[in-house]
Amino acid sequence: MATDRRVSRVASLIKREVSQVLLYDIKDDRVGIGMVSITEVEVSGDLQHAKIFVSIYGTEEARRSTMEGLRSATGYIRSHLGKHIRLRRTPEVVFLEDRSLERGDKIIELLNQISHEHKNSDTAGDTTQEDDPEAQQ
């Protein structure tokens, strides 16, 4: 088993290399439809498996198409990693869609909505007390 430090170094190397491949080497039009960014790479302790989490900006159809393109390019990406990263065995690569950014945006939107409603209810409550002479006494 590799040390935690080595696993994190290999993960960052894979992230950098795959980012470069996605920018410059992939010719599949499906990958270019949605804007793709690699959010995280998880490498197993034995360095044999790599999960690459990608965030895709675009419509649902663009996401689906981009994921198909990434899955079809897996063999090419793995061979590229084998040539550019010095490891005894090149890890198996799996692409997974990361929707955490969308969930974060949705949560922020809901919190802002609750805050806005709370402010409106506070200002509505303050005006009713000022208009009522019995409440002031």
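On a 0 to 90 degree scale, rounded to 10, what angle separates helix 100-131 from the longest Cα axis of the chain?
10
Order the following by accessible area, largest value first: Tyr24, Tyr76. Probe radius 1.4 Å; ligands, DNA and RNA are ignored. Write down the numbers at each step before the final one.
Numbers: Tyr24 145, Tyr76 105 Å².
Final ranking, largest accessible area leading: Tyr24, Tyr76.
How long is the chain along each principal axis, judged by its Cα atoms, biggest number first, in Å?
83, 38, 18
Quick one: angle between helix 74-84 and the longest Cα principal axis of the chain, in degrees between 0 and 90, rounded to 10, please.
With both axes taken from Cα atoms, the answer is about 70 degrees.
Any idea what the relative contact order of the chain is, in percent, if you count C-alpha pairs under 8 Å spaced at least 6 apart?
Normalised by residue count, the contact order of the chain is 22 percent.
Fully extended, how many nm does the chain gain between Glu60 and Gln48 (0.36 nm per residue separation, minus their Cα-Cα distance)?
Details: separation 12, 0.36 × 12 = 4.32 nm, distance 3.14 nm.
Stretched fully, the Glu60-Gln48 segment lengthens by 1.2 nm.
Per-residue ellipticity at 222 nm for the chain, helices alone: DSSP H runs ≥ 4 residues times -39500 (n - 2.57), over residue total, nearest 500 deg cm²/dmol?
-19000 deg cm²/dmol
Would you mind checking which residues have amide H under 5 Å from Gly58's amide H? H placed 1.01 Å from N; only 5 or more apart, or other chain.
Sorted by chain and number, the residues that satisfy this come to none at all.
Order these peptides, 56-63, 15-22, by their mean beta-carbon neighbour count within 10 angstrom, highest first.
Answer by packing, highest mean first, reads 15-22, 56-63.
On C-alpha positions alone, give me the angle between the axis of helix 4-20 and the longest principal axis of the chain, in degrees, nearest 10.
Compared with the principal axis, the helix lies near 90 degrees.
The values are calculated or read from the model by the stated rules, or taken from the named source; none is laboratory data. The model shown is predicted, which means the values in this text are computed figures rather than measured ones. Neighbour counts are summed over all protein chains in view; Cβ atoms, including those assigned to glycine, are modelled from backbone coordinates with ideal geometry. Side chains are part of the model used for accessible areas, which takes the heavy atoms of the whole protein and leaves out ligands, DNA and RNA. Shrake-Rupley method; radii C 1.70, N 1.55, O 1.52, S 1.80 Å.
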